Amino acid sequence: MQVTGKVVVVTGGANGIGKALCEAFHKAGAAKVVVADMDADNARAVAATVDGAAFKCDVAQEKDISHVIEETERQFGPIELFCSNAGIGGGFDPMSVNAGGASDEPWQRSWAIHVMAHVYAARHLIPRMKTRGGGYFLNTISAAGLLSQVGSPAYSTTKHAAVGFAENLAISHKAHNIRVSILCPQGVDTNMLRSIPKGPQSGDGDLSPEQVANDVLAGLAQETFLILPHPQVLGYMRKKTENYDRWIGGMAKIQARMREDFGT
Ligand SMILES: NC(=O)c1ccc[n+]([C@@H]2O[C@H](COP(=O)([O-])OP(=O)(O)OC[C@H]3O[C@@H](n4cnc5c(N)ncnc54)[C@H](O)[C@@H]3O)[C@@H](O)[C@H]2O)c1
């Protein structure tokens, strides 16, 4: 798809990758870019620079997502591209003594933001898109959803679930001309990355959010399911599926190195 002339929503659009997506869509001639974020001040600031609109929205709340969809369509017309991009990086603990040890609260928050938010967007948009003959979902996930994020069980698990949902979304609605892409970078230079200690996610170099947004425009133009700003990730996926046990062993070595580095 080309975003020119399209109404686009970006959750988590107030900062980082989402902000760069809003700017790239505006430059590419989107008809309206809607910035939906909990960070209302920055959402308004980004909207002002892209001649867009801002909504304060907690993507963990279904009513907030349905409100953004309803109001956007009422004010600006049919949403042709919905980007579920908001995410949180909490729960990183390289010294964790138990992968299942964190309390329920951070798990449920990650589950709500990384998975249910994507489900809610589909729940409220699929009927509208089917009626008008198509649409597009871009879900920002992570290379952690295809591989793993060492030291972050909740992030890795919920990002894997997000891949699972996106696959099913694409399979279920290909016949309705509804397309899905998943954006799965490694390190991107944003507040989220800066809030956690440097680790293997930066092993192939951190990209700028603007570079990632350009890769998204190219991926959307080709309508590829998988958008990999770090092409190395495809090789890691192949290694994982070729020999799962060797891959687990390699990741466990990275975990051991991290424990040594953080323990000293
Ligand atoms: N930065 C990286 O290295 C990296 C790598 C892979 C994937 N990602 C993913 O990219 C996406 C964007 O992350 P980023 O790096 O730009 O981080 P960021 O912290 O710069 O931006 C995230 C944005 O999401 C918003 N947000 C968080 N929770 C929200 C909620 N409940 N409702 C609405 N908005 C909410 C924040 O206010 C913020 O504006 C996330 O899904 C993240 O998991 C990031």
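Summary table
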item	result
Complete set of residues in region 229-250 that are in contact (Cβ under 8 Å) with a residue 60 or more places away in the chain and open to solvent by 40 Å² or more (accessible area, probe 1.4 Å)	TYR236, MET237
Some residue of region 80-94 being more than 22 Å from ALA166 (Cβ to Cβ), open to solvent by 60 Å² or more (accessible area, probe 1.4 Å) and more than 17 Å from the chain's Cα centre (by Cα)	yes
Subset of region 129-152 [closer than 18 Å to GLN2 by Cα and either more than 10 Å from the ligand (Cβ to nearest atom) or of a type outside the set (S, T, N, Q) (or both)]	MET129, ARG132, GLY133, GLY134, GLY135, TYR136, PHE137, LEU138
Complete set of residues in region 95-114 that are crowded, with 19+ Cβ neighbours inside 10 Å and either more than 12 Å from the ligand (Cβ to nearest atom) or within 20 Å of ILE227 (Cα to Cα) (or both)	HIS114
Residue, most open to solvent (accessible area, probe 1.4 Å), within region 25-46, restricted to residues that are of a type outside the set (D, E, K, R) and within 19 Å of ASN191 (Cα to Cα)	MET38
All positions within region 180-209 that are over 22 Å from PRO231 (Cα atoms) and either more than 11 Å from the ligand (Cβ to nearest atom) or touching a helix residue (DSSP H, G or I) at 6+ places or on another chain (Cβ under 8 Å) (or both)	ASN191, PRO197
Conditions (1) over 21 Å from GLY91 (Cβ atoms); (2) in contact (Cβ under 8 Å) with a residue 12 or more places away in the chain; number of the one not met by ALA162	(1)
Criterion: within 24 Å of GLN211 (Cα to Cα) and assigned to a loop (DSSP other than H, G, I, E, B) - qualifying residue of VAL59, VAL35, VAL46, VAL3	VAL3
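The values are calculated or read from the model by the stated rules, or taken from the named source; none is laboratory data. The shown structure was predicted, so the numbers you read here are calculated from the model rather than taken from an experiment. Counting neighbours? That spans all protein chains shown, and the Cβs are built from the backbone with ideal geometry, glycine included. These accessible areas exclude ligands, DNA and RNA; they are computed on the full protein's heavy atoms, side chains included. Shrake-Rupley method; radii C 1.70, N 1.55, O 1.52, S 1.80 Å.
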